[in-house]
């Protein structure tokens, strides 16, 4: 299996109770939203078929999986209702902060609206906010600073109408740098808050 896999499966069990028969149905490999290569192996009995191209399909039969090429139109026609019922995939955002402060950089101020828009798309959002610092200063300074950064984001989300119990905020201090540095290095990419929206 390579990367994240998006597969649509429609399995229909046929046959009477007294006579078991093999599963019948269709498996289609969907394209990865990020364009990554994906693959899935369809196994039926002793036979296997690898689907490794977008919309590659397998029809399950008593003789094993048979390859065929599906399409976006066919998937929408046959599986549209099931696809529409799927939850949205998680979205990740990173906001950066001014050195030694819980204040957004100018660039991060410009993208905070994207975070709110993504949360608004979800009927029941679940948001995790994790604050980080660079390696300048001690843990006694960086731990509270990272929590403060996370709380700034959490408070902004709550002020925009996100339910308080839907947003969890925590700080990691300098323990999980985005860019590994020696102690005492003011690395801007480590002064951040990571936001996971589910």
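The values are calculated or read from the model by the stated rules, or taken from the named source; none is laboratory data. Keep in mind that this is a model prediction, so the values were computed, not measured. So basically every Cβ, Gly included, is an ideal-geometry build from the backbone, and we count neighbours across all protein chains shown.
Here are some residues: 161, 171. Which one is in contact with a helix residue (DSSP H, G or I) (Cβ under 9 Å, 6 or more places away or on another chain) and within 18 Å of residue 97 (Cα to Cα)?
171
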It is to be established whether one or more residues within region 106-126 are within 30 Å of residue 24 (Cα to Cα), in contact (Cβ under 8 Å) with a residue 40 or more places away in the chain and surrounded by fewer than 14 Cβ atoms within 10 Å (Cβ to Cβ). no
Within region 19-38, is there a residue that is surrounded by fewer than 12 Cβ atoms within 10 Å (Cβ to Cβ), at pLDDT 90 or above and not assigned by TED's automatic domain parsing to the domain that holds residue 159? yes
Those residues of region 75-103 which are outside any loop (DSSP other than H, G, I, E, B) and in contact (Cβ under 8 Å) with a residue 12 or more places away in the chain, in sequence order: 75, 78, 79, 82, 83, 91, 92, 93, 94, 95, 96, 97
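Quick test for you: out of 115, 128, pick the one residue that is modelled with pLDDT under 95, under 20 Å from residue 190 (Cβ atoms) and in contact with a strand residue (DSSP E or B) (Cβ under 8 Å, 6 or more places away or on another chain).
Of 115, 128, the one residue that is modelled with pLDDT under 95, under 20 Å from residue 190 (Cβ atoms) and in contact with a strand residue (DSSP E or B) (Cβ under 8 Å, 6 or more places away or on another chain) is 115.
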Single residue of region 64-74 satisfying the filter (without any contact (Cβ under 8 Å) to a residue 24 or more places away in the chain and part of a loop (DSSP other than H, G, I, E, B)) that is farthest from residue 116 (Cα to Cα): 64
Which ones in region 131-152 are part of a strand (DSSP E or B) and without any contact (Cβ under 8 Å) to a residue 12 or more places away in the chain? none
Quick check: anything in region 133-144 under 23 Å from the mean Cα position of the chain (by Cα) and either modelled with pLDDT of 95 or more or surrounded by fewer than 17 Cβ atoms within 10 Å (Cβ to Cβ) (or both)? no
Condition check: at pLDDT 95 or above, surrounded by fewer than 18 Cβ atoms within 10 Å (Cβ to Cβ), in contact with a strand residue (DSSP E or B) (Cβ under 8 Å, 6 or more places away or on another chain) and more than 23 Å from residue 198 (Cβ to Cβ). Does residue 98 satisfy that? yes
Identity of the residue in region 39-50, without any contact (Cβ under 8 Å) to a residue 40 or more places away in the chain and within 24 Å of the chain's Cα centre (by Cα), that ends up surrounded by the most Cβ atoms within 10 Å (Cβ to Cβ): 40
Which of the residues spanning region 153-172 are in a helix (DSSP H, G or I) and touching a strand residue (DSSP E or B) at 6+ places or on another chain (Cβ under 8 Å)? 153, 154, 157, 158, 166
